[in-house]
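Engineer: Here it is, the structure in full.
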Amino acid sequence: MQVNESNIVANEEFRPKIVAFCCNWCSYAGADLAGNNRLAYPADIKIIRVPCSCRVNPMFILRAFQRGADGVILCGCHPGDCHYTSGNYYTRRRMAMLFSMLNYLGIEKERTRVEWVSAAEGAKFAATMQDFAEKVKALGPNKRLEDLRCKQ
Amino acid sequence: MQRIGVFVCWCGSNIAATVDVHAVAEAAKLEPGVVFSTDYQYMCSQAGQNMIIDAVKEHKLTGLVICSCSPRMHEATFRKTAANAGINPYMVEIANIREQCSWVHKDMPTGTEKAIILAKAAIAKVHLNTPLTPGESKVTKRALVIGGGIAGIQTALDIADAGYPVDIVEKEPTIGGKMAQLDKTFPTLDCAACILTPKMVDAAQNENIRIISYAKVEEVGGFVGNFHVKIRKKARFVNEDVCTGCGLCTEKCPQKKVPNAFNLNMDNHRAIYIPFAQAVPKVAVIDPDYCNMLKNGKCGVCAKVCTAGAIDYKQEDQIIEEDYGAIVAATGYNPISVEKFDEFAYSQSKDVITSLEFERLTNAAGPTAGKLLRPSDGEHPHTIVFVQCVGSRCASCAGKGKEYCSKICCMYTAKHAMLVRDKYPDTEVYVFYIDVRTPGKNFDEFYRRAVEEYGVHYIKGMVGKVTPENGKLKVQASDLLADRQLHIDADLVVLAAAIEPDKSARPLATMLTASMDTNDFFTEAHPKLRPVESPTAGIFLSGACQGPKDIPETVSQASAAAAKVIGLLSKNTLKGNPCVAQSDELMCNGCSSCANVCPYGAITYVNKEFRMPDRTTKVRRVASVNPAVCQGCGACTVACPSGAMDLNGFKNNQIMAEVDAICK
Amino acid sequence: MEKNKTAALREQILRASGVNPKKCMRCGKCSGTCPAYDEMEYHPHQFVYMVETGNIEPLLHSESVYKCLSCFACVERCPRGVEPAKLIEALCAAVTRPQGANHMTPDDIPALLDEDLPQQAIVSALRKYMK
Amino acid sequence: MQTVTRETLLDKASALLASGEVSRVLGWKKGEFAYDVTPAVFESAEEMEKDFVYDIFSGANFSKYLIKETAKEGKVLVFLKPCDSYSFNQLLTEHRFDREKVYAIGIPCDGMMDASTVKALAPEGLVSAERDGDNLVIHTLYDGDKILPYADNLPDRCRHCKSKKVVAYDEMLGENGDVVDSHRFDEVAELEAMSEDARFAFWQNELSRCIRCNACRDVCPACTCEKCVFDNPKSGVENKAISDSYEEKMFHIIRAFHVAGRCTDCGECSRVCPQNIPLHLLNRKFIYDIDRNYGDYMAGAEEGSRAPLVNYKTEDPEAADVLERGDK
């Protein structure tokens, strides 16, 4: 069954669904800068704006996978540069723990990522997204953390 | 159910070129709750905004989705539009289909497909939006200026002139900063002390200004309008209110070998000293590292000679706590240490000096009483070589130099060269430069005068090596235009060292939650449009702590920062950000996880009585958020295991609705 | 054709040396610091500039490429990390390698030594000619 | 050697009840079978004399019950084994009950059996089991007595005991022990050493047995929310039953995450799981990760300590680095 399914997917080009959580002050602005500079990255990336990376609850990430996301990336200010002083330090611990746990459960570690992108790093934002999308695409669809009911 | 209106902007061709805006508007119509959807050339224009207002009225819209540029650009605009249309401004969501869609995706099908998904996510979110009203907080009408150099003094004077009390915290025993150490100032050559010291006196005498010298900021709490600051005033072992500044003690103290920091350690002062004659406050200070009385209890001469009885060996550090509405960082700069540049032999020869040392050597109040004498033998130097860009524009010298241009060196070196030639025409002066940068009023004319009228030898090239030999400094350098290597026997070499932010700035920035760049200069809220504000509300920037600056620029920035502070302090209340955390008391466990992560201390706990389903009452400890203090980061919402804590404007269910819409 | 050849040579030298001459801000510190300056027809900063502009031919025919002592003072002191000495070394290799004749064996070297030759120059010679 | 017996505890409790010092006792109560000892609240010495047991099945951790019991009038007497005392401290740290309303008696512990472990040793006709010196004696209907070494047959949580030290008490009975090293992370390390695919297969097999009875949550002394997010329709993740393999993963990941840094590794979750899912391996993974990346931390070892996930250091490792280590 599993094998057949992946064969079908291989026939038409697989386009991953990727959710990018970006903090309002650095990474979202970095994404805007990538736009200002017309730095292309795959349209598979969809950005959700949060005030700070520390607003991202592990439940949101699991929810994204449940609903069919193939990768989730979380971007925030560089450590030390958090608009709220310490938010990204908490993020760093939380996400390190969560992603480590997901990997412990056998979820491919390339499906999750934390990246620090400042408001000045438009090029880094685009390059990061490009790279992440490629890695996720290479992994193929997320099967290990999906809710079949959510697939049409 | 909300009645949602969707407005898709073309942004001329910025969006419309890669996104089929009409298709987006049509697709939005199919979403539940959307009762109106349209596209328009410029949504942010007056006509576009009127269109929104009309649609709100006609279709009785309760929520708006604008598919346009980044919310960082026009969220505020459309919130105002919503308010004008009579609905709560927080019922607006922006789908960013320009910066994050049309500008980064090249073909129409891809762009359109993504734009539709982004629109759907915004629609899903706005369904769950609730009207929000910003809270108000009072403004403490007092400002704090950190740093008492020319930047801090000017800012404080301007704020005080507008009628607001202001405190200057200065880490040295006197205000004045770097400018007090300078001799003359370019391009007019008026003496620094003549124009600075009157301002220092003004600051001291202004009844709205309190100078807290020999002090540092230790703790900053609160937020714009309501900062609470703890200042540690170091013990100077002299009662500031009693000391008359007569200076008798500084002549009688037997400990004579204390390096004089004000003269960059080129001479000594006593263990009790007044940094310089025009110091403000003009009060003596005892250096505890050198004072015999403080070290081993044997001496007490200063106390004996002091007729005012101001000496107090038992004085301790004093903590001053004060509330402020605004804080200005004016921490200034320092020249970098040039010791690591071995080729210039700074640590090998006393006659290789930095430009700031040169200032002291030519200053009438300096160690040589203004006579330009070689530090090694006190002789008059006949050949002087100035080296520009020592450590500036230095991309590869990791840990040694700075990648940026220090901006002020070209001009002060021209000044030094000119002054030497003016006072001592028998001296040959060489200036090695990479580029001479003179953008400023009368700056290039000034530099040309140095060359044309004063005969300073400007050589395009760089000094490669300085070797001390037989009391001379052998300077090996390139002359690029003549295409030859020069060997000059110099008596004095002056290095124009790069400047860097003061070391105290980094810890201060952390306390202020103000951001910094990689060079430790404070970041401005906008590099062009908000150059004197930090991104953190209520924190302002004055002078070289924001970037290298000369005096005229520093003073203009200082006054600009003051204007911003005055604007803030003139308000009685500030409207807060309504997107703050909120605790559901029925679900709160009172576990304190949220309070542990809150960077602002916005969460407190109260014991509250609850009616239980069985009609008994129960007292429970529950979290309560102070909306005036909360900045809305959301750290608490994730720390809370029960999900009792949520963030207005970015509620759990709103973000999950977005996730769902994107992953559908 | 000639243009293409120069471009290819330039590319080869840049790749071999790992130097990016665009980083040069023309301060001249390399030439200010060079102990072999007076021996050279073309000087370190000129090497960088001429390679950047593709004016390589004169350098190949100049003795200057052999005059560099490989003391690396210019590399050490260049504020922009351009590393002129590495560029000169690459040029030297470009001259000596295709001609073949200039290859020396370690046995040839003792005969060429004289007492005044600094040790650094000997080591440098070995580096250059052995390549 | 357990020097504390049922009688010691009974005498102590009776005296405290008689003096009015405490009005209730949290203790173990005998059940239908010898091996299903359950937690109970006793209000009189008579009740205790009748039903109170203290034997090899008295393993239940009482700390969580204090939240409810301290809300009532009067003081509660509670017996704390070493691992219970960690939960006790953790709950105090989180302000979950009033310390003034508890009289805590610390008792040493040498490992407690649980029903499923003993049942596994004697699948047919189990009657009862007891400890005789270093041996475990199992009485069965058909095969007579089985005698096995006690220590070797303890359930996982006691074989990997983290501490024999009672860290919070008003009065200690018997001799207090020390923190011990029992290689409790070995199993986690073994799993970490497996390939992603193998790990996935392992957990898929384990977690797919979950029936969402919520026993792990209900027994967990760290899961004390007034209302669990999974029961709260407003949370957006509410679900009370399973209909897809995703949900048990979601539930167990979130549960482990919510107790991360707060879990005292008491092992109750695995003890009560009717499907024998090794849930403690999830919690231990977090503890192991926390110890390796942020410094050793034992929740509940000290009252008032700041849990690692509500704390940070500026030099913490990046998520990517933590993942690399987990992969080795």
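Engineer: Restricting to the stretch B:620-644, give me the number of residues that are more than 7 Å from every other protein chain (Cβ to nearest Cβ) and closer than 24 Å to residue D:217 by Cα.
Structural biologist: 6
Engineer: Continuing with this model, one more query. I'm trying to understand the selection: among the residues of the stretch B:645-660, which are more than 8 Å from chain D (Cβ to nearest Cβ) and not in a loop (DSSP other than H, G, I, E, B)?
Structural biologist: B:645, B:646, B:647, B:654, B:655, B:657, B:658, B:659, B:660, listed by residue number.
Engineer: Considering each of D:222, D:189 in turn, give the residue that is in contact (Cβ under 8 Å) with a residue 60 or more places away in the chain, surrounded by fewer than 17 Cβ atoms within 10 Å (Cβ to Cβ) and under 26 Å from residue D:90 (Cβ atoms).
Structural biologist: D:189
Engineer: Moving on. Going by the structure shown, is residue C:22 within 23 Å of residue B:404 (Cβ to Cβ), charged (D, E, K, R) and within 14 Å of another protein chain (Cβ to nearest Cβ)?
Structural biologist: yes
Engineer: Here is a further query. Residue D:238 passes all but one of (1) among the charged types (D, E, K, R); (2) within 14 Å of chain A (Cβ to nearest Cβ); (3) in a helix (DSSP H, G or I); which number fails?
Structural biologist: Residue D:238 satisfies all of (1) among the charged types (D, E, K, R); (2) within 14 Å of chain A (Cβ to nearest Cβ); (3) in a helix (DSSP H, G or I) except (3).
Engineer: Tell me, which strands (runs of 3 or more DSSP E) wholly within the stretch B:454-510 include 2 or more residues that are within 18 Å of residue B:414 (Cβ to Cβ) and modelled with pLDDT of 95 or more?
Structural biologist: B:457-460, B:492-497
Engineer: Let me confirm something: among B:540, B:521, which residue is buried (at least 22 other Cβ atoms within 10 Å of the Cβ), closer than 22 Å to residue B:326 by Cβ and aromatic (Phe, Trp, Tyr)?
Structural biologist: B:540
Engineer: So which of A:106, A:71, A:87 is at pLDDT below 95, in contact with a helix residue (DSSP H, G or I) (Cβ under 6 Å, 6 or more places away or on another chain) and more than 8 Å from chain D (Cβ to nearest Cβ)?
Structural biologist: The conditions single out A:87.
Engineer: So which pairs qualify, if the first residue must be in the stretch B:439-453 and more than 24 Å from residue B:428 (Cβ to Cβ), the second must be surrounded by 12 or more Cβ atoms within 10 Å (Cβ to Cβ), the Cβ gap must be under 7 Å, and the two must be at least 6 apart or on different chains?
Structural biologist: From residues that are more than 24 Å from residue B:428 (Cβ to Cβ), the pairs are B:442/B:187; B:443/B:187; B:443/B:411.
Engineer: Among B:128, B:132, B:144, which is farther than 22 Å from residue B:654 by Cα, among the aliphatic types (A, V, I, L, M) and either surrounded by fewer than 19 Cβ atoms within 10 Å (Cβ to Cβ) or at pLDDT 95 or above (or both)? Quick ask: steps written out before the conclusion?
Structural biologist: Details: B:128 fails: farther than 22 Å from residue B:654 by Cα; B:132 fails: farther than 22 Å from residue B:654 by Cα.
Checking each option against the conditions leaves just B:144.
Engineer: Could you figure out which of (1) within 8 Å of another protein chain (Cβ to nearest Cβ); (2) touching a Gly at 6+ places or on another chain (Cβ under 7 Å); (3) among the hydrophobic types (A, V, I, L, M, F, W, C) isn't true of residue D:299?
Structural biologist: Every listed condition holds for residue D:299 apart from (1).
Engineer: On to the next question. Please indicate, with yes or no, whether at least one residue in the stretch D:221-231 is of a type in the set (A, V, I, L, M), over 23 Å from residue A:145 (Cα atoms) and more than 8 Å from chain A (Cβ to nearest Cβ).
Structural biologist: Yes; the residues of the stretch D:221-231 include at least one that is of a type in the set (A, V, I, L, M), over 23 Å from residue A:145 (Cα atoms) and more than 8 Å from chain A (Cβ to nearest Cβ).
Engineer: Scan the stretch B:171-179 and give yes if some residue there is outside the structural domain of residue B:292 (by TED's automatic domain parsing), touching a residue at least 60 places away in the same chain (Cβ under 8 Å), over 22 Å from residue B:549 (Cα atoms) and surrounded by fewer than 17 Cβ atoms within 10 Å (Cβ to Cβ), otherwise no.
Structural biologist: Taking every residue of the stretch B:171-179 in turn, none turns out to be outside the structural domain of residue B:292 (by TED's automatic domain parsing), touching a residue at least 60 places away in the same chain (Cβ under 8 Å), over 22 Å from residue B:549 (Cα atoms) and surrounded by fewer than 17 Cβ atoms within 10 Å (Cβ to Cβ).
Engineer: With the requirement that a residue be over 39 Å from the mean Cα position of the chain (by Cα), touching a residue at least 24 places away in the same chain (Cβ under 8 Å) and surrounded by 15 or more Cβ atoms within 10 Å (Cβ to Cβ), what does the stretch B:455-474 give you? I'd like the intermediate steps shown before the answer.
Structural biologist: So in the stretch B:455-474, the residues over 39 Å from the mean Cα position of the chain (by Cα) come out as B:455, B:467-474.
Subsequent filtering for residues that are touching a residue at least 24 places away in the same chain (Cβ under 8 Å) retains B:455, B:467-468, B:471, B:473.
B:468, B:473 - these are the residues of the stretch B:455-474 that are over 39 Å from the mean Cα position of the chain (by Cα), touching a residue at least 24 places away in the same chain (Cβ under 8 Å) and surrounded by 15 or more Cβ atoms within 10 Å (Cβ to Cβ).
Engineer: Separate question: Looking at D:319, D:256, D:307, which one is within 20 Å of residue A:114 (Cα to Cα) and at pLDDT 90 or above?
Structural biologist: Matching residue, one of D:319, D:256, D:307: D:319.
Engineer: Having 1 or more residues that are in contact with a Leu (Cβ under 9 Å, 6 or more places away or on another chain) and surrounded by fewer than 24 Cβ atoms within 10 Å (Cβ to Cβ) is the bar; report the strands (runs of 3 or more DSSP E) wholly within the stretch A:1-120 that clear it. I'd like the intermediate steps shown before the answer.
Structural biologist: Values: elements: A:18-23, A:45-50, A:71-76, A:112-116.
Passing ranges, in order: A:45-50, A:112-116.
Engineer: Checking the conditions here, which among B:12, B:48 is more than 13 Å from residue B:95 (Cα to Cα) and assigned to a loop (DSSP other than H, G, I, E, B)? Write out each step before concluding.
Structural biologist: On the way: B:48 fails: assigned to a loop (DSSP other than H, G, I, E, B).
After applying the criteria, what remains is B:12.
Engineer: Now a separate question. If the requirement is being of a type in the set (D, E, K, R), part of a helix (DSSP H, G or I) and over 25 Å from residue B:551 (Cα atoms), which of these qualifies: B:141, B:199, B:125? Even if it seems obvious, please write down each step before you answer.
Structural biologist: Numbers: B:141 fails: part of a helix (DSSP H, G or I); B:199 fails: over 25 Å from residue B:551 (Cα atoms).
The conditions single out B:125.
Engineer: Also, I was wondering about something else. Filtering the stretch C:1-14 down to residues that are within 18 Å of residue C:82 (Cβ to Cβ) and either over 14 Å from the mean Cα position of the chain (by Cα) or of a type in the set (A, V, I, L, M, F, W, C) (or both), which residue is surrounded by the fewest Cβ atoms within 10 Å (Cβ to Cβ)?
Structural biologist: C:11
Engineer: Report whether or not residue A:95 is at the interface with another protein chain (Cβ under 7 Å from one of its Cβ atoms), modelled with pLDDT under 95 and in contact with a helix residue (DSSP H, G or I) (Cβ under 9 Å, 6 or more places away or on another chain).
Structural biologist: Judged against the criteria, residue A:95 is not a match.
Engineer: Continuing with this model, one more query. Cβ-Cβ under 8 Å, sequence separation 6+ or interchain: first residue in the stretch B:313-335 and farther than 30 Å from residue B:519 by Cβ, partner aliphatic (A, V, I, L, M) and not in a strand (DSSP E or B). Which pairs?
Structural biologist: B:313/B:293; B:313/B:294; B:313/B:303; B:315/B:235; B:316/B:235; B:317/B:235; B:318/B:235
Engineer: Can I ask one more? I'd like to verify a number: residues in the stretch B:614-633 that are touching a helix residue (DSSP H, G or I) at 6+ places or on another chain (Cβ under 7 Å) and either β-branched (Val, Ile, Thr) or outside any loop (DSSP other than H, G, I, E, B) (or both), how many? So that I can check it myself, show each step before the final result.
Structural biologist: If we filter the stretch B:614-633 for residues that are touching a helix residue (DSSP H, G or I) at 6+ places or on another chain (Cβ under 7 Å), which is where we start, we get B:623, B:633.
Okay, now just the ones that are also either β-branched (Val, Ile, Thr) or outside any loop (DSSP other than H, G, I, E, B) (or both), so B:623.
The number of residues fulfilling the criteria is 1.
Engineer: Looking at B:576, B:543, B:567 in this structure, which one is touching a residue at least 40 places away in the same chain (Cβ under 8 Å), more than 26 Å from residue B:334 (Cβ to Cβ) and away from chain D (no Cβ under 14 Å)?
Structural biologist: From the options B:576, B:543, B:567, the qualifying one is B:576.
Engineer: Further question on the same structure: Show the residue pairs meeting these rules: Cβ distance below 8 Å; 6+ apart or different chains; first residue within the stretch A:49-66 and at the interface with chain B (Cβ under 7 Å from one of its Cβ atoms) and among the small types (Gly, Ala, Ser); second residue surrounded by 24 or more Cβ atoms within 10 Å (Cβ to Cβ) and not in a helix (DSSP H, G or I).
Structural biologist: Filtered contacts from the stretch A:49-66: A:64/A:19; A:64/A:72.
Engineer: Here's a follow-up. Exactly one of (1) closer than 23 Å to residue C:117 by Cβ; (2) touching an Asp or Glu at 6+ places or on another chain (Cβ under 8 Å); (3) surrounded by fewer than 17 Cβ atoms within 10 Å (Cβ to Cβ) is unmet by residue C:39. Its number?
Structural biologist: (2)
Engineer: Then there is this: Could you figure out which of (1) buried (at least 16 other Cβ atoms within 10 Å of the Cβ); (2) touching a Gly at 6+ places or on another chain (Cβ under 8 Å); (3) modelled with pLDDT of 90 or more isn't true of residue D:38?
Structural biologist: (1)
Engineer: Pull up the stretch D:241-253, narrow it to residues that are at pLDDT 75 or above and more than 8 Å from every other protein chain (Cβ to nearest Cβ), then point me to the one that is farthest from the chain's Cα centre (by Cα). Walk me through it before giving the result.
Structural biologist: Start the filter on the stretch D:241-253 by keeping residues that are at pLDDT 75 or above, which leaves D:246-253.
Checking the rest, the ones that are also more than 8 Å from every other protein chain (Cβ to nearest Cβ) come to D:248, D:251-252.
Values: D:248: 21, D:251: 19, D:252: 17 Å.
In this case the residue turns out to be D:248.
The values are calculated or read from the model by the stated rules, or taken from the named source; none is laboratory data. Values in this document were obtained by computation on a predicted structure and should not be read as measured data. Ideal geometry is used to build each Cβ from the backbone, glycine not excepted, and the neighbour counts take in all protein chains shown.
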